[in-house]
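Here is the structure we will look at, set down as structure tokens.
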Amino acid sequence: MHFIPASVRGPLFMIVSTGSYLVNDTMMKLATAGLPSYEVLFLRGAAAALWGFPLLFALGYGKQIPLIFDKRVLSRNVLELAAILCYVVALANMQIADSTALGQITPLLMLVGSSILFGERIGGRRMALIGLGFVGALMVAQPTMQGISVYALLALGNAALAAARDLAGRRVSAEVPGMIVAISAVVVVLIGAGAAHLVSERWVMPGAHHLLLMAGAGFFLIFGHFFIFMAYRVGPTSAVAPFYYCFTVWAVISGLLVFGQFPNTLAICG
């Protein structure tokens, strides 16, 4: 795809990433009925690892597996773990519209961070585009925000940590393959979710349908990790960040096709 300009490849990767994450989230939502949250994260991580390591060998990256533990790769993925743990706790205790709305500040934080850390110039047109995307996402989510709670702060923490993760990802050496970074994220979250489960939950035996859903979620999770990392690696933040809001579009499509949730007039306008 090198014949496609980086300013186009980056947004394309972000669109594919948000779609992959949304398929993963949809399967996670279907699987969480009757299972503890961290157990679901652990099972999804185990499924992703079972998909991911054979994929690394198939792509010829077997000898580069030790790069999973590269210092900068791990730094990025520890932030990934912290963001996910914040999100899971927030989502379990808030309306999904509220937690979704708070998550929409991530592209704005990415722009500020890129400007400060990398000296990237952000034009007024792209700032306006991201602001418009933020407003549209709020129109879809329609949060109530009945008071600021510790869970709302965790949702904000998730957004900030997600931005920090992607900024840290830009410091990963270009010699590290994107798929190595994705599988490293899987391993770190697998270990973290397992530890959180042992500390705070009791094991519930999953059924066959849970395992099938986790297998699918794990597969799409790998590509969500891979493409969001590659989006910011190949494209400027100012070009990539606005397309983060494609997640909202995918979420509306999933709600309609999978859960029968037809958006109201305000959401359609958003």
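For the chain, modelled as a Gaussian network with Cα springs under 10 Å, which listed residue fluctuates most, ASN77, ASN158, ASN93?
Greatest mean-square fluctuation among the candidates belongs to ASN93.
What number, in percent, do you get for the relative contact order of the chain if the mean sequence gap of Cα pairs under 8 Å and at least 6 apart is divided by its residue count?
Numbers: 375 pairs, mean separation 124.2, N = 270.
Computed over the chain, the figure is 46 percent.
Which residue, TYR244, TYR151, TYR232, tops the fluctuation ranking in a GNM of the chain built on C-alpha contacts under 10 Å?
The residue that fluctuates most here is TYR151.
Per DSSP helix of 4 or more residues, -39500 (n - 2.57); summed, then divided by the residues of the chain. What does that give at 222 nm, rounded to the nearest 500? Walk me through the intermediate numbers first.
Details: 12 runs with 201 residues, N = 270.
Dividing the helical sum by the residues of the chain leaves -25000 deg cm²/dmol.
Please check: in the Gaussian network model of the chain (C-alpha springs, under 10 Å), which one of HIS209, HIS225, HIS197 has the largest mean-square fluctuation.
The residue with the greatest mean-square fluctuation here is HIS209.
Using DSSP H assignments, which helices in the chain have an axial alpha-carbon span of 15 Å or above and a mean Kyte-Doolittle hydropathy of 0.5 or higher?
Numbers: long enough: 6-31 (37 Å, 0.68); 37-58 (32 Å, 1.24); 71-93 (34 Å, 1.07); 106-118 (17 Å, 1.87); 124-141 (25 Å, 1.43); 150-169 (28 Å, 1.20); 178-200 (33 Å, 2.23); 208-234 (40 Å, 1.47); 246-257 (17 Å, 2.07).
The answer, listed by residue number, is 6-31, 37-58, 71-93, 106-118, 124-141, 150-169, 178-200, 208-234, 246-257.
Ranked highest first by the average count of other Cβ atoms within 10 Å around their residues, in what order do 21-32, 176-187 fall?
Numbers: 21-32: 19.9, 176-187: 23.1.
Most protected by this proxy first, the peptides run 176-187, 21-32.
Cβ under 15 Å from ALA217's Cβ, ALA217 left aside: what net charge do those residues give with Lys, Arg +1 and Asp, Glu -1? Can you show the working numbers first?
Working: positive: LYS29, ARG44; negative: ASP25, GLU39.
Residues close to ALA217 contribute a combined charge of 0.
Per the Kirkwood formula on distinct C-alpha pairs, the Rh of region 6-269 is how many angstrom?
Details: mean 1/r = 0.0532 Å⁻¹.
This gives a value of 18.8 Å.
Residues in region 26-52, backbone N under 17 Å from the label point at GLN261 (7 Å along the Cα-to-beta-carbon vector): list them, ranges by number please.
Taking a point 7 Å out along Cα→Cβ of GLN261, the residues of region 26-52 whose backbone N falls under 17 Å are 26-34.
Using the charge dipole of the chain (Lys, Arg: +1 at Cβ; Asp, Glu: -1 at Cβ; taken about the Cα centre), state which of ALA6, PHE69, LEU190 has its Cα farthest towards the positive end.
ALA6
What nm value, rounded to one decimal, do you get for the distance between HIS209 and ALA6 when each label is placed 7 Å out toward the C-beta?
Between HIS209 and ALA6, the label points sit 4.8 nm apart.
Values quoted throughout were computed directly from the atomic coordinates according to the rules given, and no laboratory measurement underlies them. Computed from a prediction, not measured in an experiment: that's the story for all the values here. For neighbour counting, all protein chains shown are included, and Cβ atoms are generated from backbone atoms with ideal geometry for every residue, glycine included.
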